[in-house]
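Below: the structure, in C-alpha cells.
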C-alpha cells in the first residue's frame, strides 16, 4: 500500500510538472532541482555551492543523463550521488539533464592567462 501511494505521489508530481502551464524544461527542471535536493550541492543553476562540487550548468544533456544513470546502476561510484538519483525516473533524469544543460555556466578556460 505504501509503495502504491509513493508511486501515485510521484506520478502526480510528474503530471503536474508536465502540464502545459508548468511544462517548460526551465520550470519543471527548477522544481526538480529543489524537490530532489540537487540545489544543496549544485545550486539552483548548476554552478555549485562550493568549488569542490562539479559544475553541471552548460554541460551536454546527454552527458548529464548518462552520468546520473551510471550513478544509479553503480557503474559510476559515488555513494552520495547514488542516494540522490536512485529513485529518479527516466523522465526526471531527462528533465534535470535538459535543465542543467541550458543554464549559464560559470566555467571559463585559461586562454590569455599568463
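What is the calculated FRET efficiency for residue 76 to residue 31, with r their C-beta to C-beta distance and R₀ = 25 Å, to the nearest 0.05?
Computed FRET efficiency for residue 76 and residue 31 comes out at 0.50.
Label separation (residue 53 vs residue 86): 2.0 nm, computed from points 7 Å beyond Cα along the C-beta direction. When each of 110, 56 is scored by the number of other beta-carbon atoms lying within 10 Å, the sequence from fewest to most is 110, 56. The order of 68, 81, 1, going from fewest to most other C-beta atoms within 10 Å of their C-beta, is 1, 81, 68.
Estimated translational diffusion coefficient (Stokes-Einstein, Kirkwood radius over Cα pairs, 20 °C, 1.002 mPa s) of the range 27-94: 176 µm² per second.
Coordinate-derived values only; no laboratory data. Bear in mind that the values here come from a model prediction, so they are computed numbers and not experimental data. Note: ideal-geometry Cβ built from the backbone for every residue, glycine included; neighbour counts use all protein chains shown.
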